[in-house]
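One structure is given below, encoded as structure tokens.
The values are calculated or read from the model by the stated rules, or taken from the named source; none is laboratory data. All of these numbers come straight from a predicted model, not from anything done at the bench. For neighbour counting, all protein chains shown are included, and Cβ atoms are generated from backbone atoms with ideal geometry for every residue, glycine included. Each accessible area value is taken on the protein alone, full model and side chains, heavy atoms only, with ligands, DNA and RNA left out. Shrake-Rupley method; radii C 1.70, N 1.55, O 1.52, S 1.80 Å.
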Amino acid sequence: MKFIVSSQQLSKSLQSISGVITTNSTVPIIQNFLFIITGDTLSVSATDLETTMTTSLLLSKSEKDGSIVVQSKLLMDTIKNLPDIPIIFNIDQEKYTVEIVANEGSYNLACFNADDFPMQKNMENANFVELPSSLVKTAISKTLFATGNDEMRIAMTGVFCDLSAENVTFVATDAHKLVRYRRSDVNSSSSFSFILPKKPLIQLKNNVVDDDSNVRIEYNDVNVRFIFSNYVLTARLIDGKYPNYEAVIPTNNPNVLYIERVSFLNSLRRVSIYSNPSVMQVRLKLSLNSVVLTAEDPELSNLAIEKLNCNYNGDDMEIGFNAKFLQEMLGNIETPEVKLEMSQSNRAGILYPVDNANVNEEILMLVMPVMLNN
């Protein structure tokens, strides 16, 4: 086999799917790329057995169809250090070697039999839905940071996706914070829900383009497949029951804070420097038209206090939050102003964007309080 391809285009394609590869697998063959040449198209696949991602690109020239498995790290390290030039791949399928010719250079790599590479299986009994790529990218970006890492609660390590005739909802939680992203301008002909693992979500976030194109999502009880632009990503769903997240969202929150988002975020960044790093506690003292932020580390006698103007309606109260969680949430909201609803110092706070430009988009962020030290 022989083909010619742009070094820059190939490097970009390899980088885009390389995040799927795991380097400590007990199956050595999956630490590499699968190349399949069909006509003037090169398809490159990477897998960790749970997630498989394939991308395709046009070749400048191709002489023979075929397939081969190529070393991933050695190939990427070689290609990324080349200028943007055409490079020639000469593949010997009998000796399992690849020669890469670039300008005056020649690089020889050992390769492997493509028959040993695990291939994607067909999706049986699959339903599908098409969602705008901008929605998919936004939903993942807004929820991914709130997923958990506790393998004992495997369902909470992924993002819950709920498709219905009324809306599409994405939810993530680690029991300390929760994000619910909902869109009412899209729906599914049939109701279905599944839990998407974190790794393929990261790949989607990095590769889905925020434009007017669609992402086709095929799913059954075991797997999900995303088809978009020149990518196909297939992943095994998390097998588990997602917690009843609606039950933990308090509905009666009479104490309401309206505050300028960037000022609030910057103040949290400053005062949290002085908090105990193990708990990152920040205290909010709320009263009419003002909020006082306090962070301290008594062991080192560090203390920071800032006062911000705001619009607060409710009883005077003090409540503590993890400053990191609040910063993450405020950083994932774009509106100039946010609303924080509360009931008591030991109940969750609910953060919303104010005057969201997209009336069909609903973002709810819940953060659990931390116990205040008197």
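Going from most exposed to least, what order do Leu74, Leu204 have by accessible area with a 1.4 Å probe?
Highest to lowest solvent-accessible surface, that is Leu74, Leu204.
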**Asked** Once Lys and Arg get +1 and Asp and Glu get -1 on their Cβ, which of Val168, Asn356, Asn125 lies farthest toward the positive end of the dipole of the chain?
**Response** Asn356
**Fill in**
Only helices counted: for the chain, with every DSSP H run of 4 or more residues adding -39500 (n - 2.57) and the sum spread over all residues, [θ] at 222 nm is -4500 deg cm²/dmol
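Starting from the exponent 0.38 and prefactor 2.2 Å, build the expected Rg for the range 42-151 from its residue count and divide its actual Cα Rg by it. List each step's numbers first, then the result.
Values: Rg = 18.7 Å, N = 110, 2.2 N^0.38 = 13.1 Å.
Here the answer is 1.43, to two decimals.
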**Asked** To the nearest 20 debye, what is the magnitude of the charge dipole of the chain about its Cα centre, counting +1 on the Cβ of each Lys and Arg and -1 on the Cβ of each Asp and Glu?
**Response** 360 debye
**Request:** Would you kindly compute the Cα radius of gyration of the range 222-362 and its largest Cα-Cα separation (Dmax), both in Å?
**Result:** 18.7, 56
**Fill in**
Accessible-area order for Arg182, Arg225, largest to smallest, probe 1.4 angstrom, reads Arg182, Arg225
**Request:** List the residues whose amide H sits under 5 Å from the amide H of Gly158, counting only those 5 or more places along or on another chain, with H placed 1.01 Å from N in the peptide plane.
**Result:** Gly148
**Complete:** The distance between the Cα centres of the range 323-374 and the range 117-171, in whole Å, is 23 Å
**Fill in**
Heavy-atom accessible area of Ser184, protein chains in place, probe 1.4 angstrom, given in Å² to nearest 10, is 60 Å²
**Rg/Rh (Cα only; Kirkwood hydrodynamic radius) as it applies to the chain** = 1.07
**Complete:** Projected onto their principal axes, the Cα atoms of the range 269-322 stretch, largest extent first, over whole-Å spans of 34, 16, 15
**Prompt:** the range 1-73 to the range 204-222: how many Å between their Cα centroids?
**Reply:** 20 Å
**Complete:** If unit charges are put on Cβ atoms (+1 for Lys and Arg, -1 for Asp and Glu) and the dipole of the chain is taken about its Cα centre, the option from Ser43, Thr294, Ala155 lying farthest towards the positive end turns out to be Thr294
**Complete:** Highest GNM mean-square fluctuation among Ala46, Ala247, Ala175, for the chain with Cα springs under 10 Å, belongs to Ala247
**Complete:** Taking placed amide H atoms and a strict 5 Å upper bound, the residues 5 or more places from Asn214 or on another chain that come that close are Ser133
**Complete:** Once normalised by the length of the chain, the mean sequence separation of its alpha carbon contacts under 8 Å that are 6 or more apart gives a contact order in percent of 13 percent
**Item:** Pairs beyond 24 Å (Cα-Cα), from Lys12/Lys199; Lys12/Lys177; Lys177/Lys199; Lys205/Lys339; Lys73/Lys142
**Value:** Lys12/Lys177; Lys205/Lys339; Lys73/Lys142
**GNM flexibility winner over the chain from Thr52, Thr41, Thr169 (Cα, springs under 10 Å)** = Thr41
**Message:** What number comes out for accessible area per residue over the chain if the probe is 1.4 Å? Units Å², please.
**Reply:** 49 Å²
**Message:** Using the Karplus curve 6.51 cos²θ - 1.76 cosθ + 1.60 with θ = phi - 60°, what ³J(HN,Hα) values do you get for each residue of the range 160-175, in whole Hz, with x for Gly and Pro?
**Reply:** 7, 10, 10, 9, 9, 6, 9, 6, 10, 10, 10, 9, 9, 7, 10, 6
**Whole-number percent relative contact order across the range 1-109, with pairs defined as alpha carbons under 8 Å at least 6 apart** = 33 percent
**Message:** If I build a Gaussian network model for the chain, linking alpha-carbon pairs within less than 10 angstrom, which residue out of Gly320, Gly19, Gly240 has the largest mean-square fluctuation?
**Reply:** Gly240
**Message:** Using the crude model of +1 on Lys and Arg Cβ and -1 on Asp and Glu Cβ, and no other charge, please compute the dipole size for the range 253-329 relative to its Cα centre, in debye to 20.
**Reply:** 220 debye
**Request:** Determine the share of the range 1-65's accessible area contributed by carbon and sulfur atoms, expressed in whole percent, with a 1.4 angstrom probe.
**Result:** 48 percent
**Message:** Which residue, Ser106, Ile87, Leu135, has the largest displacement toward the positive end of the dipole of the range 79-135 when charges sit on each Cβ (Lys, Arg +1; Asp, Glu -1)?
**Reply:** Leu135
**Message:** With every protein chain left in place and a probe of 1.4 Å, what is the accessible surface of Glu166, to the nearest 10 Å²?
**Reply:** 130 Å²
**Prompt:** Using heavy-atom solvent-accessible surface (probe 1.4 Å) with all chains present, what is the largest-first order of Thr51, Thr38?
**Reply:** Thr38, Thr51
**Prompt:** How much of the accessible area of the range 237-367, in percent, comes from carbon and sulfur atoms when a 1.4 Å probe is used?
**Reply:** 46 percent
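Using unit Cβ charges (K, R positive; D, E negative) and no other charged atoms, how large, in debye to the nearest 20, is the dipole of the range 76-158 about its Cα centre?
My answer is approximately 520 debye.
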